[in-house]
Every structure is written in C-alpha cells, then in structure tokens.
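So the structure is just underneath, and the comments pick up after that.
The values are calculated or read from the model by the stated rules, or taken from the named source; none is laboratory data. Only a predicted model underlies this, so the values are computations on that prediction, with no experimental measurement involved. Please note: Cβ atoms are built from the backbone with ideal geometry, for glycine as well, and neighbour counts cover all protein chains shown.
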Amino acid sequence: MNYKTTGLRSWMVLPADFSPAHRWSGYDLERRIALDSDGNEFAYYAELEESNSLSSADLKNELFNNDLQKVNVENSDSIFRFSQRYGLSPSSVYAGKQRLLWFRHRGLIPYRFAKDKYALGYDEDIAASIRSYSVGKTNPMTSGYMESAFTPLLLSEHARKIENDNGDVRGIISELEIAQTIRLLQIATQLCMAFQANVNGDLSGAEYGTADAVAAYLENKKFLSQRGFDYFLIAPNLSRLNSYETKLKSDLAFQQKIAQAGEFYSDTRVPAELELAEDLYRAATDAYTFLSRSLFAYKEDVSDEILASEEKKFFDLPDVLEKKSELIAEFNGMMAGEDSLPEAIIAQFFDSFNNPVPWRVCENCNKYFKRYREESPGKNIRETRFCRRSCNVSFNQRNS
Ligand SMILES: [Zn+2]
C-alpha cells in the first residue's frame, strides 16, 4: 500500500452561488480606545470623512492569498493598516454588515431599531467575555467558540452607544469584530485552496496529493504569516490536523499509536494519513460552507420574522405594524448597492476556486496560486511560474 495514493478522496462541491461585489464605501478611520463596564480597555474604529468608494478593481488578484494573509489579527497596527486601505470587515457570523449600515444611517428609524435591539443588558456579557476570549487563540469553528463569539459584536454595539450622539462619526466597529472576520477568512480560504489543490491532482510531484501535503502547507512559514495547527484547525480535535512529522515530534499519544500500528502496517504513515485525510475533508467542507453562507449573510435583508420577534421584545407601540413596514422599506433601501470588503474577498476567492485551471506552485515562494497578482482582473488566467512580479524578479536575481 502506498500512502501517497491513499487518503484524500475526491471532493465534490457545488459552485457557490454568488453575485460579485461591486462597490463599498471607504472612510478615513480613527482608532479609539474606550472602557467597558468592567474597566477593561478595548479598541474600535470610527469612520470619519468619507474618502472614497472602493470596488473589486481596487484589490489585487487573489487578495485572500496576499495582503489578507499578512494581517496579524493580534496586532492592532496590522489590522488598522489593512482596514484603512481596503475598508472595514464586518462579521458574517451575526449580520455585521447590516448593523454597520444601521449605525451609519442613524437618525432613520432602522437605527433606533438597532439601538433598542442591543441596548439591553449587554455590559455584563462584555465583561465576562473579554476575560474568557482571545481572538488569536480560540478556534473559531468549535462549539465553545460560539459562546464567546458574541464578544466582538457586543463591543461594536458598546462603542456605538458611546458615539451615539457624535455627529462627526459615521460607522463604528470594534477592532475585535474585524479581527474575527479577517481570521475566519484567512483560515477558510487557505484550507479550501490547499485541500482542492491536492485532491484534484493539480500539482505534479511526489510531495503533493496527500493529506500530509495539505497539513504541511498550512504549517509552512514561507508563505503564511500565521500558520500551524493552532491557527488553522477547524476540526473538533485540533492536534489531529498536524502533519505526520510534526505529530511525531510533538505528540506523545501519537507516537504510541504509531508504535502500535507498526504491528499491522509495514508503513505506519498509512493509518495516520487516512485519519488526517478524514479530518481535513471535514474541515475543508466546513470552510467551504462558511464562505458560501457568509456571502448569503451579507446579502440578507431584514426578514419579517426577525422584525416580528424583535418587535415583541422591544416595541411596545400601538402602531407597531405600520412601523414595521417602514423599517423594512428603509432598511432594504440602505442595503441596495452597498457591498463590503469581505464580500469582495470571498467573491475573488470563488472566482479562482471555481475556475477549471489547475492550482500552481510559485517557483520562488512555493505558494499555491492561480492568478498572477499583477494581472488585470477579469482576464483569462495566464500560466506563469511565479505568483507575482516580485517573485519573478527575486528568482531571476538569485539564479543569474
Ligand atoms: Zn511567489
């Protein structure tokens, strides 16, 4: 049995149904610090003067593979620089874009709706969650995460409450909410890409096409600023997604398991590879689902049911039915034509992911890619040996 040909099975996914992102608003940002009710500091970004309107054409090709991966979600400067350049990244986990738009349009009825909705009793939650939550260390797709996942949302709403009457400020979003969004996008796009590239047999060479190759890619510091099992893992049992070599070095239970497997397998990589492949399959499928659903979440309007249940809680008004139709009309008007940065990033990702051209490995930096970074967007994919101009240049300098 050859472990190199076992393990990964073919991965059938339906193409994501998406309409490409068009335009979103960019603002001059300011990073501000405030205290929560417990006296802990937290940061949020305030949109000041509207500076420009951004579109997909302002992003280099495959941003998910370049600037997005360079953001260090535990470093404020890094998050701020990225946001200043490309715009804010509201979360898709809980209608982040909708809430941001609500706040930008305050004064309209929908803002009152948003304010009422989140005004009650969140300070305690913020304090509790801040103590238990660190965005860089918590696995975003485990069940425990969801309990703490609302901290970014609550901090955004807390900051909005602080700036409620400040007419100089447009949108508000907590730094933690942006960090959460960016991290989820970093993880999901790389997992899907590394998995598809190895499953489809896109990459020629003995070192590709195995589950270990996928895991090794996610651990490689040459092209991923943030990497490794504690960053990328989405399966319930985190350490299982390490590559064989890493586990053998660091995981005592795994060493024992491999010693036992030696009685049944001449090559102990076989059972390890099969187990890893199963976990990666699940993780990549989750990541793909997350990306598709995110697009959906960003486009979603306020539904009748949501409004109806919120009304019961917060609107004790006789003319509530009339208000409801006003709310829907106002809100859907706001959503029309306003996209967001995460939508554009995901749409770019699916553009490459769904294209039948195989993934390639850059001969300089070893990154997987399809589209040359500096190629004008929308063109057919050109086959090149390098992922970008600078890789081409440094390769030639080294070899001349
Ligand atoms: Zn490269």
**OP:** Quick one: which helices (runs of 4 or more DSSP H) lie wholly within region 149-253 and hold at least 1 residues that are at pLDDT 80 or above, surrounded by fewer than 23 Cβ atoms within 10 Å (Cβ to Cβ) and more than 20 Å from the chain's Cα centre (by Cα)?
**Re:** 151-162, 175-199, 211-219, 244-250
Original post:
Looking at this structure, is Ser53 surrounded by 21 or more Cβ atoms within 10 Å (Cβ to Cβ), at pLDDT 85 or above and outside any helix (DSSP H, G or I)?
Top reply: no
Original post:
Among the helices (runs of 4 or more DSSP H) contained in region 288-393, which hold 2 or more residues that are modelled with pLDDT under 85?
Top reply: 304-314, 320-335
